[in-house]
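The structure follows.
Every number here is computed from the coordinates shown, using simple stated rules; none is lab data. The model shown is predicted, which means the values in this text are computed figures rather than measured ones. All Cβ positions, even for glycine, are placed from backbone atoms using ideal geometry, and neighbour counts span all protein chains on display.
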Amino acid sequence: MNIFLLPYTWLRHLSMAFWCASAGLMSWWGVLTLLVVFNVDWPPTWDGPILMTTVSMAVCVASVLGESNLRRLPIWNRALKVLLAAGISGLVTLVYYNIWHGLVGVILSEAMLRDAQDPSLVSLTFRVGAFAMGGLGCGTGALVVRKFSEPISHLAGGLAAGLMAGCAWFLAGLPTSDTAYGVLAPQRDLFLAGAAMGITWGFMYGLLTWSIPDELYVGWLRVLTPRRFGRRIPIDAPDRSPRERFVGHFPRGLDLFLPVEDGVQELHFSVTVDDKQRYTARGLSQYPTLVKRLLQRVDLRYDPRRPTPVETSLSSGDRIVLGEGDQHAEIEFILLPKEEV
Amino acid sequence: MHPLRRLLPGLLAALTLLLTVGCGDVRYIAIPGTTTRITLPVADAGKEYEMQILHDIGDCDSLGIKEEDMHLCLPYVDRASGEIRLAYNLLNRDSLASLPEHEEMLSVQFQGTTVETGLAGQEIKVIPHDPWSESGTLYILVIDGSGSMAETSGRGGLTRMQVVKQALKRQDVVDAFYGSGKGDNAVMLLQFTQGDPRPVGGQLVALKNRREYKAAVSQLQVLNGYTHLFDAVKYATGPLLQANAVTEVLRGGRLKPNVIVLTDGFNNERASDVCGDNLERLDLLLEHLNEVQLTDITKRPQVHTVGLGKPIRPGFELPQGNTKPTAADLCGRRNVDTRIDGELETRGIDNASLHYIARSGGGKAHIKRGRKELAKAFQEAASPRYKWFEARIRMDPFYLRRAFKIRLSLVGVANAGATIEIFPSAWLDAPPGRKMDDGWHTEDTYLRTFVVVLPLFGLFVCLSYMGAAMHNTRRMLFGRVRRGQTPPTDPPAAA
């Protein structure tokens, strides 16, 4: 994962999902390869714990590594986090799995227990607990590495991811003769069911547990009109303290100079950022100042009757037009990766 | 306390549990190329043969199985098509035994239920592999010489005896008897009516070459008299094998006896015989054949029956298991008291008895009409023995989604059985089998997994660039990227 490939759009929330889905897919493939190609003959009762642990570890590692990559942490730090995530998620998954396995032995009747303990029985009823425990283990691993921040998101997200993976595995692996689920289960194949399981687990986990934080981005003002096209300034302070940046044609002290020929006044407008990284545009001139966004126009002209300037919040992609007619300058507000600074 | 320290006891417990769960006395064997595990197959104890279900590449190697057949030698479960494949061979006191084709004689039990071809999508197919060429065969042809063989068979005005002679002289039949095996095959030709069968030409000789054989076939003739079929079979599988001329040929297990009996009607010993009279005689014969099947394996004959004509019970099928025949089995309830001579034998041949005899004799019954079909029957009866076999079983795929036991047992041709427990993985499966020309499936290559993994992985890589691509495309379309510009203007220098 690379922050430069993740523009500040809604799609950025899917990138972690795709990244973790790849990890889920590859982990399923890895276990399958061990069995099919390397012919490792562990007992069939180990299939469940090994698969659940591997997918849990891989997805957890992908999430932690993805975050470390986005934050450009030092390599040794990334390695340490990855090892920690893998170790914790793997071991915790095993613990959870075996606790569940032990509980099943206590709760179920003897007749059902025979089915539950059949290592070859393809049944969501008797496997759903394993998926849930795997998901929880996966969430716990990342939760510990992220120093217990957002526990609900991690645990509930992990649990949901595991359960969704179980459902995907069940639906994709139904026998061909079973038509009860109709279009919900268009593909019937136990081979592909494993792939569907890995992908769903990773995708849901990436989507639900950790989203790319805004702190990885900073706001910029960038000139769009021909004179000074492409000139840009960052808005945030390096220490993330609240800050205000000024735009005008006054040659000294302002943050972004725009020529008077473009209809820009000496001190035309400013953009502020607060300690919660909320951006606001302020009109400081009585001359036309317009913020444009989809289906919305906000006039920020200074009104002398009001004690304070007119403000509007800014979001990435908003355009600010200073002046009007032939004499106007256009600036865009855009959120770019912090490393651009 | 550091959170990791709190977790430590739990982690250690998990490791211990992992090592204990699933560790038992049972030894599981992973089948290469699949996600299936099996336990060691168990052969039935106390049977004359030991059935060995092949499960290890070493077993296959020791049988000398060709490289291209090696994958057929190991157990395989295709859960997409519901097919199971097991390969097996027979051992007799630790030495490899050969078997002829025996599809009808293999009984398969799935979780204690007998699998029957045609029932609820079930199917069993037995495929022989590697013809046994270490020893030859002594074919003992016992041909019906009763008066009915002088009747015309319907086509070309040939008598039945002439049809038989032409079929026996066909090149493909002669080739089948004197095939390309390393062992020297031989043929003995006998005819029967009443009493013991008589050697053609008067003397019991093993015909060791094609010229002698063809000369002997030319001497076949209608002898007239009743059809003592059961006596003939009993003689050919009993006293005949003790005759000097035969024991000399069979000495040391150099050749194995294969009795082929041809008739065109019913066992008919008296003019007053009715169909029901044959029941007790058949019982006695079957008892004799069952005893013969327990004799020294190197001298034990295999018995094939060939019926020339129309079957009196066209839809007859042998009942499962070693059940005794009933009078109704032989010629139908209505014909139990019908006379054979001049009545039943004019309507057809006693195909049911021929099936019973063949089953107890470890061979096959062939009911044919016409020269070509008869020739085919002789070829099939002279079919070679094989080293190992594939049993292909088709079930409803639903039943293959848990651990299951399969039991293979042979009846008639040999007495043997074995059980194997199969554990397909609940969680993982290799790619579904590839359909072969015969409609059955075989393992697909592992490379097939790349067909799934690589495109999906590629798709995720592409999707991870999608955000950047869409963002930049949109900015380009909305004119936010560089276009033809005037040079940038710097702010004026401060005064």
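Among A:112, A:284, A:226, whose Cα projects farthest towards the positive end of the dipole of chain A, with charges put on the beta-carbon of Lys, Arg (+1) and Asp, Glu (-1)?
A:284
Looking at segment A:106-161, which trypsin sites (Lys or Arg not before Pro) are in a loop (DSSP not H, G, I, E or B) and have at most 14 other Cβ atoms within 10 Å?
Passing sites in segment A:106-161 are A:147.
Another question, then. Quick one: 3J(HN,Hα) in Hz for segment B:299-312, Karplus 6.51/-1.76/1.60 with θ = phi - 60°, rounded, Gly and Pro as x.
Once rounded to whole Hz, the list reads 10, 6, x, 9, 10, 10, 10, 10, x, 9, x, 8, x, 6.
For segment A:186-296, what does the equivalent ellipsoid look like in terms of its semi-axes, each the square root of 5 times an eigenvalue of the Cα gyration tensor, given largest first in whole Å?
On the way: eigenvalues 419, 58, 31 Å².
They are 46, 17, 12 Å, listed from largest to smallest.
Indicate the gyration tensor shape class of segment A:265-328 (rounded, prolate or oblate), computed on the Cα atoms with a ≥ b ≥ c the square roots of the eigenvalues: a/c under 1.5 is rounded; otherwise a/b larger than b/c is prolate and the rest oblate.
oblate
Ok, one more. Based solely on its DSSP helices, what 222 nm [θ] is calculated for chain A when runs of n ≥ 4 H residues each add -39,500 (n - 2.57) and the sum is averaged over all residues, nearest 500 deg cm²/dmol?
Roughly -15500 deg cm²/dmol at 222 nm, from the helical runs in chain A.
Over chain B, what relative contact order in percent results from Cα pairs under 8 Å that are six or more residues apart?
23
What residues qualify as long-range amide H neighbours of residue B:386, i.e. H under 5 Å apart, gap of 5 or more or another chain, H built at 1.01 Å from N?
Those qualifying (amide H under 5 Å, at least 5 residues apart or on another chain) are B:99, B:132.
Further question on the same structure: Counting Lys and Arg as +1 and Asp and Glu as -1, each charge on the Cβ, what is the dipole of chain B about the Cα centre in debye, to the nearest 20? Spell out each step's value before the answer.
Working: 59 positive and 56 negative charges, 379 e Å.
My answer is approximately 1820 debye.
Still on this structure: Have a look at the protein assembly as shown and give its Rg and Dmax from the Cα atoms, expressed in angstrom.
Expressed in Å, the Cα Rg and Dmax of the protein assembly as shown come to 42.4, 144.
Tabulate in residue order the Karplus-calculated ³J(HN,Hα) for segment B:437-444, using 6.51 cos²θ - 1.76 cosθ + 1.60 with θ = phi - 60°, rounded to whole Hz; enter x for Gly and Pro.
4, 7, x, 8, 10, 10, 4, 8
Rg/Rh for segment A:1-96 to two decimals, with Rh computed the Kirkwood way over all alpha-carbon pairs.
My calculation of the ratio gives 1.05.
In addition: Mind putting together the pair-distance distribution for segment B:136-384? All Cα pairs, 5 Å bins, whole percent per bin, short to long.
With a bin width of 5 Å, the distribution comes to 1, 7, 15, 20, 21, 17, 11, 6, 2, 0, 0.
Which ³J(HN,Hα) values, rounded to whole Hz and listed in residue order, are derived for segment B:41-54 from phi using the Karplus coefficients 6.51, -1.76 and 1.60 in 6.51 cos²θ - 1.76 cosθ + 1.60 with θ = phi - 60°, glycine and proline given as x?
x, 10, 7, 4, 7, x, 8, 5, 10, 9, 7, 10, 7, 6
If you don't mind, there's one more thing I want to ask. Putting +1 on Lys and Arg Cβ atoms and -1 on Asp and Glu Cβ atoms, find which of B:378, B:199, B:265 reaches farthest to the positive end of the dipole of segment B:136-384.
Positive-end residue among those listed: B:378.
Please determine, in degrees from 0 to 90 and to the nearest 10, the orientation of helix A:124-145 with respect to the longest principal axis defined by the Cα atoms of chain A, where the helix direction is its Cα long axis.
Taking Cα atoms only, the helix is inclined about 40 degrees.
Additional query: Report the one residue of B:473, A:60, A:309 whose Cα lies farthest in the direction of the positive end of the charge dipole of the protein assembly as shown (charges on C-beta: Lys and Arg +1, Asp and Glu -1; origin at the Cα centre).
The listed residue farthest towards the positive side: A:309.
Treating only the Cβ of Lys, Arg, Asp and Glu as charged (+1, +1, -1, -1), what charge dipole size does chain A show about its Cα centre? Round to the nearest 20 debye. Numbers along the way, then the final one.
Details: 30 positive and 30 negative charges, 150 e Å.
Dipole size: approximately 720 debye.
Sticking with this one: As I understand it, the value is the acute angle between the Cα axis of helix A:75-107 and the longest principal axis of the Cα atoms of chain A; what does it come to in degrees, rounded to 10?
Tilt relative to chain A: about 40 degrees.
By count of other Cβ within 10 Å, fewest leading, how are A:312, A:125 ordered? Can you show the working numbers first?
Details: A:312 18, A:125 11.
By the 10 Å Cβ count, ascending, the order reads A:125, A:312.
Where a ≥ b ≥ c are the square roots of the eigenvalues of the C-alpha gyration tensor, would you call segment A:100-234 rounded, which needs a/c under 1.5, or, failing that, prolate if a/b is larger than b/c, or oblate?
oblate
Additional query: Collect residues whose amide H, placed 1.01 Å from N in the peptide plane, falls under 5 Å from the amide H of residue A:72; neighbours closer than 5 in sequence don't count.
Amide H to amide H, under 5 Å and 5 or more residues apart or across chains, residue A:72 pairs with nothing.
Using just the helices of chain B, give the 222 nm mean residue ellipticity in deg cm²/dmol: DSSP H runs with n ≥ 4 each add -39,500 (n - 2.57), and the total is spread over all residues, rounded to 500.
Dividing the helical sum by the residues of chain B leaves -8500 deg cm²/dmol.
What dipole magnitude, in Debye to the nearest 20, does the protein assembly as shown give about its Cα centre under +1 on Lys/Arg Cβ and -1 on Asp/Glu Cβ?
Using Cβ point charges on Lys, Arg, Asp and Glu, the protein assembly as shown gives about 2180 debye.
Please report, to one decimal in angstroms, the Kirkwood hydrodynamic radius of chain A built from all distinct Cα-Cα pairs.
Every distinct Cα pair counted, the radius reaches 23.3 Å.
A further question on this structure: Would you mind giving the three semi-axes, in whole Å and largest first, of the ellipsoid equivalent to chain B according to its Cα gyration tensor?
Values for chain B, descending: 66, 27, 22 Å.
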